[in-house]
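See structure below.
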Amino acid sequence: MHPFLKPVAFLLTVGVSLPAFSQARPTNRITQAIDDRETVVLRGNVKPLLQAATDQGRMDGGIPLTISMVFKKTAAQEADLEKLLTELQDPSSPNYHKWLTTEQFADRFGMSPVDLATVTSWLQSQGFRVERIAKSRTQVWFSGQVSKIETVFRTEMHQFQLKGEPHFANATELSIPAALGDVVLGFHNMDDFRPKARVKSHGVPADQLNPHFTSSLSGNHFVIPGDFAKIYDVDALYTSGFDGTGQTIAVMGQTALFSTATGGISPPGAPTDIDAFRSAAGLPARTTANFKQTLVPTSGTAVMSTSDIGEASLDVEWSEGVAKGVTQNYVFVGNNSNFSVFDSLQYAIDQNLAHVISISYGNCEQALGATGISTVQGWAQQANAQGQTITAASGDFGAADCDTSPTLPAQGGVAVDIPAALPYVTGVGGTTFNGDASVTPASGCAPATQYWASSCSATSGASALSYIPEVTWNDTVAVNSLSASGGGASVVFSKPDWQTGTGVPADGARDVPDVALAASPNHDGYLLCATDPTASVGPCVTGFRDSSSNLNIAGGTSFGAPAFAGIVAILNQKTGSSGQGNINPTLYAVAASTPTAFHDITSGNNIVPCGTGTPNCPTTGNLQYGFSAGTGYDQVTGLGTIDANVLAGAWTTGNPTTADYSMFGAVSSISAPGGTGSSTITVDARNGFSGTVTLACTPPTSVFITCSLSSSSIALSGGTTTGTSTLTIKTNSTAGLHRQDAPLGPLFGGASAVFAGVFVLGMRNRRRSLAVALTLLTLAFLLAAVGCSGGGSSGGGGGGGSTTPAGSYTVTVTGTSGSTSHTTNVSVTVL
């Protein structure tokens with residue numbers, strides 16, 4: 001070969017092979033030896049809430065910790081997974097409800113066995129002990145001393161004080177060998193910030209009960225399982241023989257539920273609050289057949305946590321209280337403080353323990369950070385692929401989900417809750433009954449009202465007579481603390497294509513919640529049995545009352561998550577389903593086709609007062625923020641509360657059949673200003689759609705971000721039901737405008753970059769002929785065309801010469817086909 005043709009051949013090879021390579025899904029991604037001297041920093045692993053904490057210095061290096069490494073999917077895997085999740089909910093797809101096993105998920109979306117073996121061998125070579133590996137091959141747990149973790153991952157573990165509580169966490173980002181940069185998303189279990197239990201529980205003496213089943217002592221009303229069934233029309237399903245029999249609900253916990261003198265876990269048959277509740281509510285007794293417990297491996301010893309026992313009790317009691325024939329699996333973590341209820345969630349999904357999962361804990365999006373959100377997102381995607389439905393509480397602080405204390409005014413800004421805000425999870429908000437009032441007992445009896453029967457017994461059973469009108473739950477002013485239904489718009493996730501209908505905001509964001517149920521502890525609170533050492537009420541001994549005739553009354557969206565999980569379990573039984581996966585598409589479809597399946601809540605709000613100068617707080621006028629209820633969907637109660645019988649009857653006919661297409665863009669993260677990120681935009685045909693979808697992207701204004709798409713159109717037909725385009729997001733850094741760290745890097749960057757690379761190669765030897773130079777220039781333009789996929793890119797930008805500030809931004813991608821247009825918002829975090 002002539003010498004001057006060698007660079008030409010090289011460039012031709014690169015130009016031709018790159019497009020083909022980008023579409024491949026390599027089995028093994030670790031392509032070089034792991035060299036500890038060459039490292040990359042993983043951004044997004046430092047907890048944002050540490051900014052408000054007081055650093056107390058380094059941790060004791062001798063403390064042992066078990067932590068985990070989380071693996072990321074390739075862009076191709078991410079696109080394939082989103083396509084599959086859409087098909088699993090599309091009745092016209094051959095993949096409709098064909099759920100994956102965990103092993104199948106691992107083979108398709110997890111790490112390759114070879115890569116996993118490489119990572120575990122490297123961890124062991126560094127002195128760590130590998131404790132377990134996720135069945136999905138997406139996470140590995142390993143243990144070692146703090147000093148070892150600091151040394152190997154080039155970080156520092158510190159002690160902190162936050163709001164008077166001691167904590168520990170990594171104070172700096174972690175680094176990993178460059179060879180692992182393509183496979184590691186981040187780290188989990190690096191701190192002890194556990195999600196807080198949200199149950200709003202209060203014991204009230206018998207002579208002060210207000211308001212609540214019909215009480216013969218106070219004349220007020222409570223909600224017990226029988227009342228819930230009457231109010232939300234679950235009774236009609238019971239009559240038809242549907243009570244959840246044959247179904248399993250996994251309830252997520254953060255404490256051992258039972259204890260014995262030896263510190264172990266008491267078996268079914270030992271007297272407990274759970275048994276007392278079942279007895280008082282007339283539910284089946286707890287047995288080894290209908291109740292199981294699962295301690296998450298490597299999470300420590302099973303011990304009872306006084307701060308979590310109330311939440312654990314109500315979650316178990318009320319999921320079974322609605323689906324009274326269901327089998328329960330209470331999944332919880334031990335006393336290792338860096339394990340939490342989120343690890344219970346991961347384990348329930350990875351072991352595929354139940355078709356329905358209930359979690360009443362959470363944290364706001366801003367507090368979790370980019371890596372934390374992406375980690376939980378991956379778990380939820382896996383759950384949906386396996387046919388698992390997740391129900392989650394939307395939060396109890398109204399629009400101020402990031403506040404860590406109920407004290408007024410709110411300080412943390414407008415926020416929504418994870419996992420409820422995930423598009424793969426059904427978020428449950430809260431309401432308050434407003435159609436009933438207390439009555440005055442006479443001669444030992446409480447008289448009947450329009451909605452409640454009379455009661456002449458201290459152990460009164462269910463007494464609700466029908467559905468009771470509701471408004472949004474917001475007791476904030478009444479109790480002088482944050483106490484309202486969580487809800488709002490995600491700052492991370494774009495609007496799912498299924499979240500449509502009257503009232504759904506045109507905000508391009510995933511809105512929360514999806515549905516709601518009663519939540520106020522004040523009108524009318526739920527009853528439960530929970531031996532909480534911090535409360536003034538003892539164990540249930542006479543019905544729901546303790547030895548002093550007191551009742552344990554509680555509320556919050558913590559009740560909605562397990563109660564709605566019970567309804568989903570009944571839906572599964574009625575439809576003969578082996579799981580529903582993500583039920584949100586069907587919920588919104590049913591709301592459109594059968595609106596009577598929901599009680600539309602049109603009054604009230606989740607507005608809370610905010611502190612001057614705090615995030616999102618107005619500078620003038622009323623110092624408050626939040627959302628109001630309205631006709632159809634709203635960001636306080638979602639689609640409304642449930643008529644369970646009507647919902648179940650409409651369930652099989654709720655899926656849309658109109659030919660259409662859906663769009664999805666994955667979350668993107670950029671390690672620093674001046675960096676580049678990408679997101680795979682997936683367009684899927686639904687119900688036989690055929691046509692060309694034209695794509696365009698729009699970056700946020702005035703933050704020096706540009707965007708472009710690898711393909712500006714995607715043609716879909718009967719033989720091609722999905723297509724993808726790579727969205728490239730570029731940020732600016734003034735400091736980086738004149739750097740040239742990688743001379744050959746621009747060769748792969750686009751038309752102008754390829755031209756520059758060829759020009760340098762062509763002009764390096766002054767003795768080369770003009771003909772050679774012209775040949776190379778011509779080739780450069782040809783390669784530029786190849787790199788641009790024939791000029792089919794579409795982009796926009798507001799770039800410039802200034803630095804892009806760190807923060808979270810939204811890039812909007814619009815797809816248009818004829819008169820139909822859809823958008824997906826890609827959330828990009830600049831760290």
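The values are calculated or read from the model by the stated rules, or taken from the named source; none is laboratory data. Worth saying up front: this structure is predicted, and the values here are computed from it rather than measured. All Cβ positions, even for glycine, are placed from backbone atoms using ideal geometry, and neighbour counts span all protein chains on display. Heads up: the accessible areas ignore ligands, DNA and RNA and are worked out on the full protein's heavy atoms, side chains in. Shrake-Rupley method; radii C 1.70, N 1.55, O 1.52, S 1.80 Å.
The calculated FRET efficiency for the pair residue 154 and residue 104, based on their C-beta separation and a Förster distance of 41 Å, comes to about 0.65. Computed 3J(HN,Hα) for the range 336-348, one whole-Hz value per residue from the Karplus formula 6.51 cos²θ - 1.76 cosθ + 1.60 where θ = phi - 60°, is 5, 5, 8, 10, 9, 4, 5, 6, 4, 4, 4, 5, 4, glycine and proline marked x.
Amide hydrogen proximity for residue 389: with H placed 1.01 Å from N in the peptide plane, the residues at 5 or more positions away or on another chain lying under 5 Å are 356, 357, 580, 581. Amide H contacts under 5 Å for residue 303: 256, 335, restricted to partners 5 or more places along the chain or on a different chain, H placed in the peptide plane at 1.01 Å from N. Of all aspartates and glutamates in the structure, the ones whose alpha carbon falls short of 15 Å from that of residue 135, not counting any fewer than 8 places away in one chain, are 103, 107, 115, 343, 350. Rounded to the nearest 0.05, what FRET efficiency do residue 125 and residue 294 have when you use their Cβ-Cβ distance and R0 = 30 Å? That gives a FRET efficiency of 0.40. Sorting the Cα pairs of the range 348-410 by distance into bins of 10 Å, from 0 upward, gives 20, 42, 28, 9, 1 percent per bin. Computed over the Cα atoms of the range 545-620, the ratio of the radius of gyration to the Kirkwood radius (Rg/Rh) comes to 1.15.
Derived from the Cα gyration tensor, the three semi-axes of the equivalent ellipsoid of the range 318-454 are 34, 23, 14 Å, largest first. Computed from the C-beta positions of residue 720 and residue 466, the FRET efficiency with R₀ = 60 Å rounds to 0.70. For residue 72, the residues whose modelled amide H falls within less than 5 Å of its own, excluding neighbours fewer than 5 places apart on the same chain, are 184, 185.
Averaged over residues, the count of other Cβ atoms within 10 Å places the peptides 555-564, 639-648 in the sequence 555-564, 639-648, highest first. For the pair residue 506 and residue 182, label points projected 7 Å from Cα toward Cβ lie 4.4 nm apart. Each pair of Cα atoms in the range 31-99 enters the Kirkwood radius, and Stokes-Einstein at 37 °C and 0.692 mPa s then converts it into a translational diffusion coefficient of 187 µm²/s.
P(r) tail for the range 590-670, what percent of Cα pairs lie past 20 Å? Intermediate results must be reported in sequence, preceding the final value.
Numbers: 1933 of 3240 pairs.
So the portion of pairs separated by more than 20 Å is 60 percent.
Calculated on C-alpha atoms, the gyration radius of the range 571-725 divided by its Kirkwood radius gives an Rg/Rh of 1.07. Taking one quarter of the surface of the convex hull spanned by the alpha-carbon atoms of the range 446-497 gives a direction-averaged projected area of 7.5 nm². In this structure, the pairs whose alpha-carbon distance is over 25 Å, taken from 163/196; 324/574; 495/730; 47/148; 196/230, are 196/230.
Computed on the Cα trace of the range 97-137, the radius of gyration divided by the Kirkwood hydrodynamic radius gives Rg/Rh = 1.11. Residue by residue, the range 382-387 carries 3J(HN,Hα) couplings of 4, 4, 4, 5, 8, x Hz when phi is fed to the Karplus relation 6.51 cos²θ - 1.76 cosθ + 1.60 (θ = phi - 60°); x denotes Gly or Pro. Computed on the range 574-618, the Cα convex hull volume stands at 168 Å³ per residue.
Each residue was assigned an accessible area with a 1.4 Å probe, and for residue 154 the value is about 120 Å².
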